[in-house]
Amino acid sequence: MTKAPNESNERIKRAFLTYRKHAGQVSDKTLDREIAALERFDVWNGRKDFSKFHIDWAVGFRAYLDQAKGKTGRPLSKSTTRAIIATMRAFILWLSQQDGFRRRIKAADANYFRLSLRDEAEARAAPERPAPSINQAKRALSLMPCATPRQLRDKAIFSLLCLTGIRVAALASLKIKHVDLTEKSVRQNPREVATKFGNTIDTFFAKGFEEAETTLQAWMTYLDEGALYGPDDPLFPATKLSASSKTGFTADGFTRAHWKTTEPVRKIVNTAFDAADFPAYGPHAFRHMLARHAAKTCNSVAELVATSQNLGHTDVLTTLRSYGQISREDQRKLITGDDDDD
């Protein structure tokens with residue numbers, strides 16, 4: 001049976017998380033992971049007072065993580081273990097600088113929260129991410145209906161992802177004024193768009209997606225001439241639900257407001273790929289698709305840099321390491337020059 005929370009420990013955890021949020025400027029998503037990591041350690045350690053910290057706790061906790069399992073019942077991945085260990089290392093380092101803890105805890109104690117060099121390398125290795133090919137995305141797009149305004153909106157969402165690989169949170173928060181069809185660009189202004197790290201990102205349409213451009217233009221024309229939307233209205237307004245005595249709630253136009261979550265976008269994308277008999281890829285898969293295509297087709301370093309900037313990466317190595325993986329077969333062909341299927 002899990003012991004009740006230690007009041008002293010809870011106060012210390014809250015102080016650390018406040019520090020991380022305001023001084024460390026970490027995101028709410030990261031804070032949630034760090035809260036979970038601290039709670040995992042506290043429970044494993046029997047809620048012992050943090051003021052009595054000993055390096056044996058760090059050694060024992062690392063051994064515990066090697067055997068621990070996640071919600072799926074499988075062992076924790078090395079990347080998950082690394083994230084937990086990193087949180088504990090940051091916590092102990094912070095704790096060593098707090099009044100009442102300096103004599104007991106040394107900054108060097110935080111170093112006991114580290115993975116082995118082998119595990120660290122495995123945790124850092126970029127996993128292979130499933131993503132569609134350019135032709136698969138085009139096929140799925142071509143099969144999407146657009147007879148109703150709602151269907152046209154959904155197809156336009158898929159189209160913009162094909163053209164830009166924009167992050168789903170940013171896509172859901174776009175306003176009409178952020179898209180310039182003439183320039184073929186999307187201006188991601190962090191004051192109005194949910195960009196990662198609050199960065200300003202200028203994204204331009206990838207070439208070769210004519211149907212996507214046509215669909216996006218048709219949708220924006222509908223918003224302007226049919227729905228009478230203005231520049232500050234949502235580019236992709238949420239579906240309006242109306243009460244019905246027979247069916248409960250039914251879709252009835254749009255709310256003229258942004259979606260509150262990104263889940264509807266994920267469902268639209270999953271459904272489109274599934275209808276084309278492809279794996280139900282998510283919105284993030286378009287980023288991998290465009291990066292991998294660039295890695296195989298770019299003829300200069302400048303093209304790779306442009307692709308990286310288009311995806312909103314501050315370092316081109318991020319694009320290559322995390323998104324630019326190519327298949328084993330493509331690797332073989334590029335190295336050996338052998339295009340035969342034998």
Loop trypsin sites (Lys or Arg not before Pro), segment 35-128 (other Cβ atoms within 10 Å of the site Cβ: 11 or fewer; DSSP) | K71, R103
Here the convex hull volume per residue of the chain, taken over Cα atoms and given in Å³, is 213
Per residue, the convex hull enclosing the alpha carbons of segment 134-281 has a volume in Å³ of 121
Stretchable slack from Q25 to Q151, in nm (0.36 nm times residue separation minus alpha-carbon distance) = 41.4 nm
Longest segment of the chain with no GluC sites (Glu not before Pro) in a DSSP loop having at most 14 other Cβ atoms within 10 Å?
-> 193-342
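Would you mind calculating the gained length between S242 and K177 on full extension (0.36 nm times residue separation, minus the Cα-Cα distance), in nm to one decimal?
So the extension gain works out to 20.6 nm.
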With each label point set 7 Å from Cα along the Cα-Cβ vector, what nm distance links L317 and A107?
-> 2.5
So how compact is segment 22-143: Cα radius of gyration and Dmax in angstrom?
-> 18.8, 67
Find which of G208, L317, Q151 sits farthest along the positive direction of the dipole of the chain, computed with +1 on the beta-carbon of Lys and Arg, -1 on that of Asp and Glu, about the Cα centre.
-> L317
Taking Lys and Arg as +1 and Asp and Glu as -1, residues besides K207 with C-beta under 12 Å from its C-beta add up to -2
Calculate, for L228 and N189, the FRET efficiency according to 1/(1 + (r/R0)^6) with r their C-beta to C-beta distance and R0 30 Å; round to the nearest 0.05.
-> 0.80
Once you put a point 7 Å from the Cα of S116 and another 7 Å from the Cα of D338, both along the Cβ direction, what distance in nm separates them?
-> 3.6
Electrostatic dipole magnitude of the chain [Cβ: Lys, Arg +1; Asp, Glu -1; Cα centre; debye, to 20] = 1740
Residue by residue through segment 148-162, the couplings from Karplus 6.51 cos²θ - 1.76 cosθ + 1.60 with θ = phi - 60°, in Hz, x for Gly and Pro, are 10, x, 5, 5, 5, 4, 4, 5, 5, 4, 4, 5, 5, 5, 4
Relative to the compact globular guide of 2.2 N^0.38 Å, what is the alpha carbon radius of gyration of segment 168-240, as a ratio?
-> 1.10
Loop-resident trypsin sites (Lys or Arg not before Pro) in segment 190-243 with no more than 13 other Cβ atoms inside 10 Å, DSSP not H/G/I/E/B, are R191, K207
Counting Lys and Arg as +1 and Asp and Glu as -1, what is the net charge of the other residues whose Cβ lies under 13 Å from the Cβ of V193?
-> +3
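A short reminder: the numbers here are calculations on the coordinates, not readings from a lab. Just so we're clear, the structure is a prediction, and the values are computed from it rather than from any experiment. Here the Cβ is made from the backbone with ideal geometry for all residues, glycine too, and neighbour counts use every protein chain on show.
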